[in-house]
1. Counting only residues that are in contact (Cβ under 8 Å) with a residue 24 or more places away in the chain and surrounded by 14 or more Cβ atoms within 10 Å (Cβ to Cβ), how many does region 112-143 have?
2. Are there any pairs, at least 6 apart or on different chains, whose C-beta atoms fall under 6 Å, with the first in region 241-256 and closer than 14 Å to Ala295 by Cβ and the second hydroxyl-bearing (Ser, Thr, Tyr), and if so, which?
3. Report, by residue number, each residue of region 234-252 that is touching an Asp or Glu at 6+ places or on another chain (Cβ under 9 Å) and not in a loop (DSSP other than H, G, I, E, B).
4. I need a count of the residues in region 94-125 that are more than 35 Å from the chain's Cα centre (by Cα) and farther than 30 Å from Ser168 by Cβ.
5. Being surrounded by 13 or more Cβ atoms within 10 Å (Cβ to Cβ), part of a strand (DSSP E or B) and of a type outside the set (A, V, I, L, M) is the filter here; which residues of region 14-37 pass it?
6. Is one or more of the residues making up region 135-154 among the hydrophobic types (A, V, I, L, M, F, W, C), out of contact with any strand residue (DSSP E or B) (no Cβ under 8 Å at 6 or more places or on another chain) and not in a helix (DSSP H, G or I)?
7. Evaluate region 270-279: report whether one residue or more is surrounded by fewer than 20 Cβ atoms within 10 Å (Cβ to Cβ), touching a Phe, Trp or Tyr at 6+ places or on another chain (Cβ under 6 Å) and either part of a loop (DSSP other than H, G, I, E, B) or modelled with pLDDT under 90 (or both).
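The values are calculated or read from the model by the stated rules, or taken from the named source; none is laboratory data. Predicted model only: the values in this text are computed from it and were never measured. Note that each Cβ is placed from the backbone with ideal geometry, even for glycine, and that neighbours are counted across all protein chains shown.
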Amino acid sequence: MGAPTVAMRCPACGQELRVVLALSPPTQWFPCTNCHVPVPVVVPRDPPPLFAWEVFPGLYPTLPRPRLPRWRARSVTAVALFAVVVLAVAFGGVFAFYGYVAASPASYEVSGTVYAISAGGTVGPAAGAQVLLTENGGGRLGTTTGLGGVFGFSGVPAGGVVLNVTLSGYAPAEVDTFVSAVYDAGTQGISVTLAPGGPSNGSTLVLSAFPSLESFLASLGAAVALLGLVTVVALVAGWETRRHDRPALGVVGGGAGITAPVALYLLGLAPVFPYLFGATALLAAFGAFALSVRAVELAQTGPALGPE
């Protein structure tokens with residue numbers, strides 16, 4: 001008599017199983033191909049067993065404590081991923097609006113004071129210093145400081161601003177800053193101190209990581225594109241998680257939410273919009289929650305082999 005073939009359904013997920021039994025022992029265990037839960041199968045015999053101890057003789061191993069049904073973890077993961085989608089869309093819209101406003105035509109004022117260090121070490125206003133302003137488009141404006149060392153420019157377009165300050169007998173100084181409707185790196189009350197020396201020992205003060213309006217808009221555009229990618233990945237992962245039990249998708253979608261604030265920081269937008277960047281921590285929190293829940297379940301049960 002050959003080994004019998006038995007067809008049954010997994011009591012945990014309902015997946016149909018077809019297994020080939022050995023002639024012994026009377027009770028054999030087979031992992032479900034869908035949820036990987038061990039399923040006991042009894043070798044058919046005639047007459048059938050009358051009591052439970054005949055069916056499962058000594059085959060009651062110590063089992064782990066019961067866990068919550070997997071559909072609950074799947075549901076909260078889907079909610080967290082959809083929260084990532086909503087936040088990514090909101091932040092992407094804000095950055096797109098900032099880019100639109102920053103690119104709008106406008107003019108600004110740039111002003112400050114030039115100081116000089118005398119031979120005795122005292123610091124005082126530098127009268128007669130030459131201040132040359134280079135605009136974002138390459139245009140130049142020049143002025144000379146008065147008795148108080150004060151200088152000022154008006155009608156400066158948005159974008160990168162470079163100030164070159166020179167005074168006879170002193171080392172030149174350069175100030176790189178930025179101004180726009182949404183980000184001003186410091187264009188009012190700029191303080192420049194000149195030290196004795198020559199052109200060979202000049203100094204440079206960089207107030208902004210963006211040398212031009214184009215570089216600033218490029219970072220904002222990259223942030224919008226990145227958040228759009230996060231939206232697509234989290235949306236697909238959340239939708240598939242809601243329909244099927246696929247833990248790996250939850251891990252991928254959660255990871256996308258976590259990487260978004262990191263990428264925004266690398267784009268140089270964190271010091272420009274500190275409060276908005278801090279708010280993106282909420283996006284990372286939802287992503288981390290989805291990732292951790294599904295990663296734990298993936299480690300316990302393994303990847304699903306097919307839809308439920």
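1. Within region 112-143, residues that are in contact (Cβ under 8 Å) with a residue 24 or more places away in the chain and surrounded by 14 or more Cβ atoms within 10 Å (Cβ to Cβ) number 16.
2. Sorted first by the residue in region 241-256, then by its partner, the pairs are Thr241/Thr77; Leu249/Thr241; Gly250/Thr77; Gly250/Thr241.
3. Arg243, Pro247, Leu249, Gly250
4. Here the count works out to 0.
5. Thr27, Gln28, Phe30, Pro31
6. Looking only at region 135-154, we keep the residues that are among the hydrophobic types (A, V, I, L, M, F, W, C), and these are 141, 147, 150-151, 153.
Right, trim to out of contact with any strand residue (DSSP E or B) (no Cβ under 8 Å at 6 or more places or on another chain) and you get none.
Looking for residues that are among the hydrophobic types (A, V, I, L, M, F, W, C), out of contact with any strand residue (DSSP E or B) (no Cβ under 8 Å at 6 or more places or on another chain) and not in a helix (DSSP H, G or I), one finds none in region 135-154, hence no.
7. Yes, there is a match, as at least one residue in region 270-279 is surrounded by fewer than 20 Cβ atoms within 10 Å (Cβ to Cβ), touching a Phe, Trp or Tyr at 6+ places or on another chain (Cβ under 6 Å) and either part of a loop (DSSP other than H, G, I, E, B) or modelled with pLDDT under 90 (or both).
Matching residues to (1) assigned to a helix (DSSP H, G or I); (2) among the hydrophobic types (A, V, I, L, M, F, W, C); (3) out of contact with any strand residue (DSSP E or B) (no Cβ under 6 Å at 6 or more places or on another chain):
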site: Val182; (1), (2), (3): no, yes, yes
site: Thr204; (1), (2), (3): no, no, no
site: Phe210; (1), (2), (3): no, yes, no
site: Ser215; (1), (2), (3): yes, no, yes
site: Val232; (1), (2), (3): yes, yes, yes
